[in-house]
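The values are calculated or read from the model by the stated rules, or taken from the named source; none is laboratory data. If you're wondering where the values come from, they're calculated on a predicted model, not measured in any experiment. Please note: Cβ atoms are built from the backbone with ideal geometry, for glycine as well, and neighbour counts cover all protein chains shown. Accessible surface is based on the protein model in full, side chains and every heavy atom, while ligands, DNA and RNA are left aside. Shrake-Rupley method; radii C 1.70, N 1.55, O 1.52, S 1.80 Å.
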Amino acid sequence: MVGQVGSNDTKFMFWNICNQSIGQLVGAASKQYNLDLILLAECEDSESIRLELNQSTERPFIHRREAAGRVDVFSRFPLGSIAILGDYGRTSFFHLQHPIGKDVLIAAVHLPSKLHMQDQDQTLNCTRLIERVNHFEARLGHKRTIVVGDFNINPFEHGLIAAECFHASLSRRVAQRGTRVVQGNEYTFFYNPMWAHFGDRGTGPPGTYFHSASSSTNIYWNMFDQVLIRPDLLDQFEDQSVQIITKIDGTDLANQEGRPVISDHFPIVFALNLMEG
Amino acid sequence: MAGKSLWGELPKGEEAGRSPKSILQEQALLLSNSPPRDLVGKVSTTRNEYGGIEHELLIIAPFLNNYEVGIVRAVHGALTYPVTVYDLTAGDVKTGEYPTEQVFENVLEKIFTSKNARSIISSLRSQSPKKPGGLAQQLGPPS
């Protein structure tokens with residue numbers, strides 16, 4: 001089970017499944033973690049995944065993705081609870097309207113890989129993305145936002161930490177300040193809980209993606225798959241709900257060295273308590 | 001008393017030809033006016049952190065609660081050409097840098113007529129109440 005999760009919590013999973021036919025595993029994960037919302041990147045066969053998800057369940061999943069989307073969403077919420085607000089190349093914006101709870105803006109990302117984009121361009125991409133986040137927050141009239149997905153950059157890189165970009169702090173207390181003024185401009189924080197999962201002292205693997213390179217700087221383990229949470233949602237979020245998954249229903253997602261094998265990314269799960277109260 | 005102008009005869013801008021923004025705006029308008037006029041083309045312009053000027057052509061589907069989809073991004077500096085183009089329908093892929101309006105138009109045409117762009121427009125129109133046999137046609141003209 002997801003660590004310290006209440007029965008009314010909304011449970012999320014993000015997984016870059018690398019175009020693998022693993023509907024059965026996704027279905028097993030949905031049962032094991034009692035998932036409500038599944039976001040998949042590099043998902044080629046969404047129909048077979050939907051069928052697997054809906055085998056022997058009283059709460060079937062609905063599949064959502066427009067032709068331009070890069071992230072497939074499977075939702076157990078009633079039809080109409082998830083609206084797709086926009087697709088912009090590698091980012092999709094969803095509005096989740098919980099039937100009896102708080103509504104949330106979800107930005108699902110699968111940003112370009114370092115193999116195809118320079119660091120500076122990755123940073124620039126993040127400034128573009130945060131402008132869209134601000135745009136949709138203004139449209140919805142709140143800042144209950146999460147950004148989740150395969151960022152293809154690590155939590156310590158400019159695109160994630162710079163004020164003009166995601167402004168994602170490793171500290172909940174810092175993020176709870178809400179905003180920070182830099183050179184006359186006010187920037188809202190995100191909280192990035194994935195920092196706590198970096199390296200060997202976490203409860204899971206050292207990262208979500210392993211890459212060995214011949215360059216002099218090589219950290220091997222990367223935390224490309226992340227969830228960022230706005231301060232306005234922090235009361236609904238427990239750090240302990242975040243897990244990097246390495247086993248689903250007895251199937252190892254890692255090889256003997258602990259590296260991802262079924263996909264080249266491990267999935268992440270987390271929960272939010274969106275019930276009003 | 002005004003001093004002598006040292007600017008000479010200032011250029012009026014016509015020599016520079018059509019800018020990437022004006023070309024994108026023309027295309028957005030053409031899309032908006034294309035029957036059955038169910039989709040809206042829009043150009044959004046911003047300045048990026050490195051001083052570049054970015055124009056994005058978006059398609060908006062008013063019948064899907066103003067769902068937006070990005071089609072193309074054109075980026076240039078103080079000079080309008082060369083312009084760098086990103087194909088958003090292919091996942092934000094840089095297609096190249098184009099020195100003139102002619103080659104810029106050529107690449108736009110290639111993107112607009114690509115399988116990805118067709119599939120996006122077709123998918124949106126299949127959900128339109130104005131499509132043949134769609135809700136608007138079934139209900140008939142307003143009384």
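Of the accessible area of chain B, with the probe set at 1.4 angstrom, what percent is carbon plus sulfur? Please report the intermediate quantities before stating the final value.
On the way: 4850 of 8460 Å².
Within chain B, the accessible surface is 57 percent carbon and sulfur.
Let me know the shape class of segment A:177-277, please: from the alpha-carbon gyration tensor, a ≥ b ≥ c as square roots of the eigenvalues, rounded when a/c is under 1.5, otherwise prolate if a/b is greater than b/c, or oblate. Walk me through the intermediate numbers first.
On the way: a/c = 3.21, a/b = 1.43, b/c = 2.24.
Oblate shape, in that a/c is at least 1.5 and b/c is the bigger or equal ratio.
Treating only the Cβ of Lys, Arg, Asp and Glu as charged (+1, +1, -1, -1), what charge dipole size does segment A:1-141 show about its Cα centre? Round to the nearest 20 debye.
Numbers: 14 positive and 16 negative charges, 46 e Å.
With only Lys, Arg, Asp and Glu charged at Cβ, the dipole is about 220 debye.
What's the carbon and sulfur percent of chain A's accessible surface, probe 1.4 angstrom, rounded to a whole number?
Numbers: 5230 of 11800 Å².
Its accessible area is 44 percent carbon and sulfur atoms.
Determine the gain in length on full extension of the stretch residue A:196-residue A:252; use 0.36 nm per residue of separation and subtract their C-alpha separation, reporting nm with one decimal. Don't jump to the answer; show the numbers that get you there.
Working: separation 56, 0.36 × 56 = 20.16 nm, distance 2.28 nm.
In short, 17.9 nm is gained.
Just how large is the dipole of the protein assembly as shown about the Cα centre, in debye to the nearest 20, putting +1 at every Lys and Arg Cβ and -1 at every Asp and Glu Cβ? Show your work: numbers first, answer last.
Details: 39 positive and 46 negative charges, 156 e Å.
The dipole of the protein assembly as shown has a size of about 760 debye.
Measure off 7 Å from each Cα along the Cα-to-Cβ vector at residue B:10 and residue A:217, then give the distance between these two points in nanometres to one decimal.
In this crude label model, residue B:10 to residue A:217 measures out at 4.6 nm.
Relative to the compact-globule scaling 2.2 N^0.38 Å, provide the ratio for the alpha-carbon radius of gyration of segment A:47-92.
On the way: Rg = 11.6 Å, N = 46, 2.2 N^0.38 = 9.4 Å.
Against the empirical 2.2 N^0.38 Å value, I get 1.24 for segment A:47-92.
7 Å from Cα along Cα→Cβ at both residue B:22 and residue A:171: what's the point-to-point distance in nm?
If labels sit at residue B:22 and residue A:171, their model points lie 5.3 nm apart.
Taking the Cα-to-Cβ direction at residue A:98 and at residue B:37 and moving 7 Å from each Cα, how far apart do the two end points lie in nm?
4.3
Local charge sum around residue B:127 (other residues, Cβ-Cβ under 12 Å, Lys/Arg +1, Asp/Glu -1)?
Details: positive: B:125, B:130, B:131; negative: A:66, B:38.
So the environment of residue B:127 carries a net charge of +1.
With helices defined as uninterrupted DSSP H runs, which ones in chain B have an alpha carbon span along their own long axis of at least 15 Å and mean Kyte-Doolittle hydropathy of at least 0.0?
Details: long enough: B:20-33 (20 Å, 0.03); B:101-112 (16 Å, 0.07); B:115-126 (16 Å, -0.42).
Qualifying helices: B:20-33, B:101-112.
Report, in debye and to the nearest 20, how large the dipole of segment A:212-277 comes out about its Cα centre when Lys and Arg carry +1 and Asp and Glu carry -1 on their Cβ.
Values: 3 positive and 10 negative charges, 56 e Å.
With only Lys, Arg, Asp and Glu charged at Cβ, the dipole is about 280 debye.
Over chain B, give the accessible area per residue in Å² for a 1.4 Å probe, as an integer.
Details: 8460 Å² over 143 residues.
About 59 Å² of surface per residue is accessible.
For residue A:208, which sequence-distant residues (separation of 5 or more, or a different chain) have an amide H within less than 5 Å of its own amide H, given hydrogens modelled in the peptide plane?
Distant-sequence amide H within range of residue A:208: A:222, A:223, A:224, A:225.
Among the listed pairs B:21/B:94; B:94/B:115; A:114/B:21; B:12/B:110, give every one whose C-alpha distance is greater than 21 Å. Write down the numbers at each step before the final one.
Numbers: B:21/B:94 18 Å; B:94/B:115 17 Å; A:114/B:21 29 Å; B:12/B:110 31 Å.
Listed pairs above 21 Å: A:114/B:21; B:12/B:110.
Using the Cα centre of segment B:59-125 as origin and beta-carbon charges of +1 (Lys, Arg) and -1 (Asp, Glu), tell me which of B:111, B:84, B:123 is placed farthest towards the positive end of the dipole.
B:123
Which value, in Å² rounded to 10, gives the accessible area of residue A:275 with a 1.4 Å probe and all protein chains present?
Here the accessible area works out near 60 Å².
Among A:84-97, B:18-31, how do they line up from the highest to the lowest mean number of other beta-carbon atoms within 10 Å? Write down the numbers at each step before the final one.
Numbers: A:84-97: 23.1, B:18-31: 18.1.
Descending packing order for the listed peptides: A:84-97, B:18-31.
Rank B:99, B:82, B:11 by mean-square fluctuation in a GNM of chain B with C-alpha springs under 10 angstrom and give only the top-ranked residue.
B:11
Where in segment A:191-209 is the amide nitrogen less than 19 Å from a point lying 7 Å along the Cα-to-Cβ axis of residue A:240?
Output list for this probe position: A:193-198, A:201-205.
Taking only protein heavy atoms and a 1.4 Å probe, what accessible area per residue, in Å², does segment A:136-190 have with all protein chains in place?
Heavy-atom accessible area per residue stands at 45 Å².
Which of rounded, prolate, oblate describes segment A:1-141, given a ≥ b ≥ c as roots of the alpha-carbon gyration tensor eigenvalues and a/c under 1.5 marking rounded, otherwise prolate only if a/b is larger than b/c?
Values: a/c = 1.88, a/b = 1.31, b/c = 1.43.
Since a/c reaches 1.5 but b/c is at least a/b, the shape of segment A:1-141 is classed as oblate.
If you take each beta carbon of peptide B:65-76 and count the beta carbons of other chains within 10 angstrom, what is the mean? Provide the component values of the computation, followed by the final result.
Details: counts 4, 3, 8, 10, 10, 9, 3, 1, 3, 0, 1, 0.
Whole-number average of other-chain Cβ neighbours for B:65-76 is 4.
I need the shape label for segment A:206-245. Rule: rounded when a/c is under 1.5, else prolate if a/b > b/c, else oblate, with a, b, c from the alpha carbon gyration tensor.
Numbers: a/c = 4.70, a/b = 2.65, b/c = 1.78.
Prolate, since a/c reaches 1.5 and a/b exceeds b/c.
At the nearest 100 Å², what buried accessible area, both sides summed, do you get for A and B when the probe is 1.4 Å? Don't skip to the end; give the middle numbers.
Working: alone 12770 and 9390 Å², together 20260 Å².
Chain pair A/B: roughly 1900 Å² of buried accessible area.
Show B:7, A:195, A:15, A:221 ordered by accessible area, largest first, where the area counts protein heavy atoms only and the probe is 1.4 Å.
Details: B:7 195, A:195 70, A:15 0, A:221 40 Å².
Result, largest first: B:7, A:195, A:221, A:15.
Dividing the Cα convex hull volume of chain B by residue count, how many Å³ per residue is that? Kindly include the intermediate steps, with their values, before the conclusion.
Numbers: hull volume 26.6 nm³, N = 143.
So the per-residue Cα hull volume is 186 Å³.
Multiplying the sequence separation of residue B:65 and residue B:115 by 0.36 nm and subtracting their Cα-Cα distance, what value in nm do you get? Don't skip to the answer; put the middle values down first.
Values: separation 50, 0.36 × 50 = 18.00 nm, distance 2.49 nm.
Working it through step by step, the gained length comes to 15.5 nm.
Rank these by accessible area, largest first, 1.4 Å probe: A:11, B:12, B:42, A:102.
Numbers: A:11 10, B:12 145, B:42 75, A:102 40 Å².
Highest to lowest solvent-accessible surface, that is B:12, B:42, A:102, A:11.
List for segment B:78-110: residues with 40 Å² or greater reduction in accessible area, all protein chains versus chain alone, probe 1.4 Å?
SASA drop of 40 Å² or more in segment B:78-110: B:91, B:92.
To check my understanding: the extent here is largest minus smallest coordinate of the Cα atoms along each principal axis. What are those three numbers for chain A, in Å, largest first?
56, 49, 37
Can you list, by residue number, the Cys in the protein assembly as shown that have no neighbouring cysteine C-beta under 4.7 Å?
A:18, A:43
What figure, in Å² to the nearest 10, do you get for the accessible area of residue A:156 with a 1.4 Å probe and non-protein molecules left out?
About 90 Å², ignoring ligands and nucleic acids.
On average, how much accessible surface per residue is there in segment A:4-52, in Å², for a 1.4 Å probe, leaving out ligands, DNA and RNA? It would help to have the intermediate numbers written out before the result.
Working: 1920 Å² over 49 residues.
On a per-residue basis, 39 Å².
On a full-extension model of 0.36 nm per residue, what is the gain between residue A:56 and residue A:135, subtracting their alpha-carbon distance, rounded to one decimal in nm?
Working: separation 79, 0.36 × 79 = 28.44 nm, distance 4.01 nm.
Once the chain is fully extended between residue A:56 and residue A:135, it gains 24.4 nm.
Work from the charge dipole of segment A:207-277 (Cβ charges, +1 for Lys and Arg, -1 for Asp and Glu, about the Cα centre) and give the residue of A:231, A:248, A:271 farthest towards its positive end.
Final value for the positive-end residue is A:248.
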